[in-house]
Amino acid sequence: MTPLLAVAHRAGNTLLDLQAALAAGVDLVEADVHLYRGALEVRHRKALGPHLYWERWAQLHRRRNLIVPDLREVLATAAGDPRLMLDLKGPSLDVAAEVAEALRLYAPGVPVAVCTKQWAMLDAFAGQSHVRRILSASDPLQLARLRARLRRGRVDGVSIRLRLLSEAVVEELHRATDTVLAWPVDSPAALARARSIGVTGVISKNLPMLAGLATEPVARAGVELAA
């Protein structure tokens, strides 16, 4: 059986979930990073003004009722573990430069993956060989742009919504990168489909399923992002 990278979706957004995912043996733990009023907040929820957070299909939350870690706390909790994947959120491109500086200050030289739909952000990490730069696409237009981009040269990796992928598309992507991640893959059926089309790894909120992938008796050295 071909090994799959096991990526814990959004598990880095709380310190307890980060610790649980690392303990489960996953290959990468995703954390969403926003720049808000000069702070690198780690959260998936979007800020709605100075006092509220918003997320689709969820109620509004007041800032005072939620604990939102910052990137420095997440890096401290990871304590040099190279299994973080930071998903940089917009709209401002400034988040990339701030994250690059935080990594230099608080995790110098520690391998890390950085992912974003705004690919220009990845320029902030150019020349840093320990930072793996992952280009993300979530809709057909972004995928079309990504395929055109990959025809111009190789990249460290890509992260793409599963429903956009087919075996032929994945084969095309593999000509320009060794790492094709699919998301969301939260059920056995989705996992089976991801395997069948040849992706390198899956991004999932299903931690028990990911833990099972992490213990598959197959050498994983050829697919490790964080090595």
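At a glance:
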| quantity | calculated |
| --- | --- |
| Given (1) free of Cβ contacts under 8 Å to residues at least 60 places away in the same chain; (2) buried (at least 16 other Cβ atoms within 10 Å of the Cβ); (3) among the small types (Gly, Ala, Ser); (4) under 25 Å from LEU22 (Cβ atoms), index of the condition SER204 fails | (1) |
| From the options VAL95, VAL114, VAL110, residue that is in a helix (DSSP H, G or I), surrounded by 13 or more Cβ atoms within 10 Å (Cβ to Cβ) and hydrophobic (A, V, I, L, M, F, W, C) | VAL95 |
| Residue check, GLY127 out of contact with any helix residue (DSSP H, G or I) (no Cβ under 7 Å at 6 or more places or on another chain), at pLDDT below 95 and not polar (S, T, N, Q) | yes |
| Contacts under 6 angstrom Cβ, first residue in the range 179-197 being within 22 Å of ARG154 (Cα to Cα), partner assigned to a helix (DSSP H, G or I) and of a type in the set (Val, Ile, Thr), 6 or more apart | VAL180/VAL170; ILE197/VAL170 |
| Residue in the range 175-189 that is least open to solvent (accessible area, probe 1.4 Å), counting only those that are in contact with a strand residue (DSSP E or B) (Cβ under 8 Å, 6 or more places away or on another chain) and farther than 19 Å from LEU150 by Cα | VAL185 |
| Of residues in the range 189-221 being outside any helix (DSSP H, G or I) and hydrophobic (A, V, I, L, M, F, W, C), the one modelled with the lowest pLDDT | ALA219 |
| Number of positions in the range 24-43 that are part of a strand (DSSP E or B) and within 15 Å of ALA102 (Cβ to Cβ) | 10 |
| Residue count, the range 23-43 (criterion: among the aromatic types (Phe, Trp, Tyr) and under 12 Å from LEU207 (Cα atoms)) | 0 |
| So ARG149, is it closer than 16 Å to THR2 by Cβ and outside any loop (DSSP other than H, G, I, E, B) | no |
| Members of the range 76-96 that are within 14 Å of the chain's Cα centre (by Cα) and acidic (Asp, Glu) | ASP87 |
| Scope the range 20-57; condition open to solvent by 40 Å² or more (accessible area, probe 1.4 Å), over 23 Å from THR116 (Cα atoms) and at pLDDT 55 or above; matching residues | ALA20, ALA23 |
| Residue identified as without any contact (Cβ under 8 Å) to a residue 40 or more places away in the chain and loosely packed, with under 15 Cβ neighbours inside 10 Å among ARG104, ARG133 | ARG104 |
| Unique residue being modelled with pLDDT of 55 or more, open to solvent by less than 40 Å² (accessible area, probe 1.4 Å), in a strand (DSSP E or B) and not hydroxyl-bearing (Ser, Thr, Tyr) when the list is ASP81, ASP87 | ASP87 |
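The values are calculated or read from the model by the stated rules, or taken from the named source; none is laboratory data. Since the model is a prediction, treat every value here as computed from it, not as a measurement. Cβ atoms come from the backbone with ideal geometry, glycine included; neighbour counts cover every protein chain shown. We work out accessible area using only protein heavy atoms, side chains counted, and drop any ligands, DNA or RNA first. Shrake-Rupley method; radii C 1.70, N 1.55, O 1.52, S 1.80 Å.
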